[in-house]
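First up is the structure itself, then whatever we jot down about it.
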Amino acid sequence: GMQDNGTWQSPAGEDASSSSNYFFRIGGDGFECLWNASSPNLMLGSLYNNGIKRSVNSGSSWTSSVTGIANGDGPFITRLSASKENPDLVFAVGNSGVYRSENFGLRWTLKPIHTNWAKNNTVTSSHNVEVSLANGKIVWAGGGMATDYGLQLQVSSDYGNTFTAVKDYNLVSMNAFISGISTHPTDENTAYVLFSLSNAPKILRTEDLGQTWEDISGFGTGSVSTNGFPDVVTHCLLVMPNNPNIIWVGTDIGLFESTDNGVSWHITNNGLPPVSVYDMQIVGDQVVVATHGRGIWTVDIPEINNVPYITSFTKGNIDTLEVVSDFKVNYDSVAVYINNTKDTALINPVTGVQNIDVDINLINESDYSAYIIGYIGLDSYLSNTVDYHYSTVSVYSLPDIESFKVYPNPSSGIIYFEIDNSVKNMNLYIYNVSGKQLYSMNAVNNGKNSLNLSFLSKGTYFMQIISGEKRYSQIIQINR
């Protein structure tokens, strides 16, 4: 997305270059975009003030996707965020808090934030929301971190359902809006807040979910950096997952780098010109860099593939949990940790998708976390962390189950359902076979309804309607 120039997309099936014929997709002021990590046909684009658009066909066509968002309720620069392990869970920014969607933008719910969220109940384009790269349950949001100024940074540890204000930086009063939020790729407790105040800190880092902060840009209580960081507008930050001591920061005069975890800084000498760098994302083993007025740049860093990534952590067989990861390289060994305890070791595992069973004593209504460490020679590479709540009450064992009519079934994604006209105040839910909720709709009409589930992959799903104490269910099959 490009302000004043709409939203454009490179052609499918080719590596984009300076000669690629990009396709015009969304008009007006273009801003942030998302794609769904598990369903690549699903995409979100945006215009100003939360004018969010959704595509189910890889960008060929778009429809408005603002159900649940009050008209115009959002900053001029629309902000969107999601995580790879929870690809259907996305967030946007509103005047009174954070908008949350569990179905990739089909329906949004406002999660109010009451403590110093916005001055005069109006968000600015500096307000942002970012899901942690290390753990999708951690969500950061806010527009500033100065309580006296009326702004506090917020953090959620329950997938964006509730937010808590964090503490201010205690050495210097940061009475200004932030210019960015970034997170660590493997440490869920670490985040970075960026500022563009003259003669003041530019990067504040927390390693304890916002309880304490340190300035790693070298300004401290002075007006000049002591570690090489420039006194310029600062936009974005990226920590290299293959070597977290390497940190890149996009500024108005180019890309700055630290190779010692923020102790010292220097401008990079990697072929990128000294232009304003607005955003950076890792895609595969590339870093994609968006600049102001000088296009999009990429650099290949093959070592990024050394870092394992957990794509799924769910219930496996009767007494197991299952960790799923796609190994891109040959590891000497891989260790799987459950609740910070080593559970399983794989020696010389093959490359490709791995479904790793974890045999543990499952306890009902308990929380479990998983991460992986891959070893190559003397080097170790830490994955993201994924959480799972285990409950013996599955969607298939709920009481008072009655059926209703669903057709066609199987379907390609567009289905119709009918329920007795006497049933009132209905809510609809779609689950996968593991019991994970994938979609929800409140205030469903009785009688005949249509539902577009084309965003779901081919497979079997569980459809449920709840009205008071009554539950109506059907198994549905999506074919392609």
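Of the conditions (1) within 30 Å of Val444 (Cβ to Cβ); (2) hydrophobic (A, V, I, L, M, F, W, C); (3) part of a strand (DSSP E or B), Leu106 satisfies every one except a single condition; which number is it?
(3)
Among the residues of region 214-235, which ones are crowded, with 17+ Cβ neighbours inside 10 Å and either part of a strand (DSSP E or B) or hydroxyl-bearing (Ser, Thr, Tyr) (or both)?
Asp215, Ser217, Ser225, Thr234, His235
I'm told Ser17 meets every condition in (1) surrounded by 14 or more Cβ atoms within 10 Å (Cβ to Cβ); (2) outside any strand (DSSP E or B); (3) among the polar types (S, T, N, Q) except one. Can you identify the failing condition by its number?
The number of the failed condition is (1).
Please pick out the residue among Trp108, Trp140, Trp117 that is hydrophobic (A, V, I, L, M, F, W, C), farther than 28 Å from Ser10 by Cα, more than 19 Å from the chain's Cα centre (by Cα) and open to solvent by less than 50 Å² (accessible area, probe 1.4 Å).
That would be Trp117, the only listed residue that is hydrophobic (A, V, I, L, M, F, W, C), farther than 28 Å from Ser10 by Cα, more than 19 Å from the chain's Cα centre (by Cα) and open to solvent by less than 50 Å² (accessible area, probe 1.4 Å).
Would you mention how many residues in region 410-438 are in a loop (DSSP other than H, G, I, E, B) and either open to solvent by 30 Å² or more (accessible area, probe 1.4 Å) or on the phi > 0 side of the Ramachandran plot (or both)?
Adding up the residues that qualify gives 13.
Across region 251-274, what is the number of residues that are open to solvent by less than 30 Å² (accessible area, probe 1.4 Å), farther than 16 Å from Val288 by Cβ, under 27 Å from the mean Cα position of the chain (by Cα) and touching a residue at least 24 places away in the same chain (Cβ under 8 Å)?
Qualifying residue count for the region: 4.
Which one is nearest to Val249 (Cα to Cα) among residues in region 172-213 that are charged (D, E, K, R) and buried (at least 19 other Cβ atoms within 10 Å of the Cβ)?
Filtering first and then ranking leaves Lys202.
Report every pair of residues separated by at least 6 positions or lying on different chains whose Cβ atoms are under 7 Å apart, first residue within region 215-241 and at positive phi, second crowded, with 23+ Cβ neighbours inside 10 Å and aliphatic (A, V, I, L, M).
none
Mind listing just one residue for me: the one in region 439-458 that is modelled with pLDDT under 80 and open to solvent by less than 20 Å² (accessible area, probe 1.4 Å) and, of those, farthest from Ser101 (Cα to Cα)?
So the residue we want is Gly447.
Taking Trp248 and the conditions (1) open to solvent by less than 10 Å² (accessible area, probe 1.4 Å); (2) free of Cβ contacts under 8 Å to residues at least 40 places away in the same chain; (3) touching a Cys at 6+ places or on another chain (Cβ under 9 Å), which numbered condition does it fall short on, given that it satisfies the others?
Going through the list (1) open to solvent by less than 10 Å² (accessible area, probe 1.4 Å); (2) free of Cβ contacts under 8 Å to residues at least 40 places away in the same chain; (3) touching a Cys at 6+ places or on another chain (Cβ under 9 Å), Trp248 breaks only (1).
Do we find that Tyr407 is surrounded by fewer than 13 Cβ atoms within 10 Å (Cβ to Cβ), at pLDDT 75 or above and out of contact with any Asp or Glu (no Cβ under 8 Å at 6 or more places or on another chain) in this structure?
Considered against the rule, which asks whether it is surrounded by fewer than 13 Cβ atoms within 10 Å (Cβ to Cβ), at pLDDT 75 or above and out of contact with any Asp or Glu (no Cβ under 8 Å at 6 or more places or on another chain), Tyr407 comes out as yes.
In the set Thr63, Thr67, which member is open to solvent by 50 Å² or more (accessible area, probe 1.4 Å), β-branched (Val, Ile, Thr) and within 28 Å of Phe163 (Cα to Cα)? Can you show your working first?
Numbers: Thr63 fails: within 28 Å of Phe163 (Cα to Cα).
The match here is Thr67.
The values are calculated or read from the model by the stated rules, or taken from the named source; none is laboratory data. All values reported here derive from a predicted model rather than from experimental measurement. Glycine gets a Cβ as well: all are built from the backbone with ideal geometry, and neighbour counts include every protein chain shown. Side chains are part of the model used for accessible areas, which takes the heavy atoms of the whole protein and leaves out ligands, DNA and RNA. Shrake-Rupley method; radii C 1.70, N 1.55, O 1.52, S 1.80 Å.
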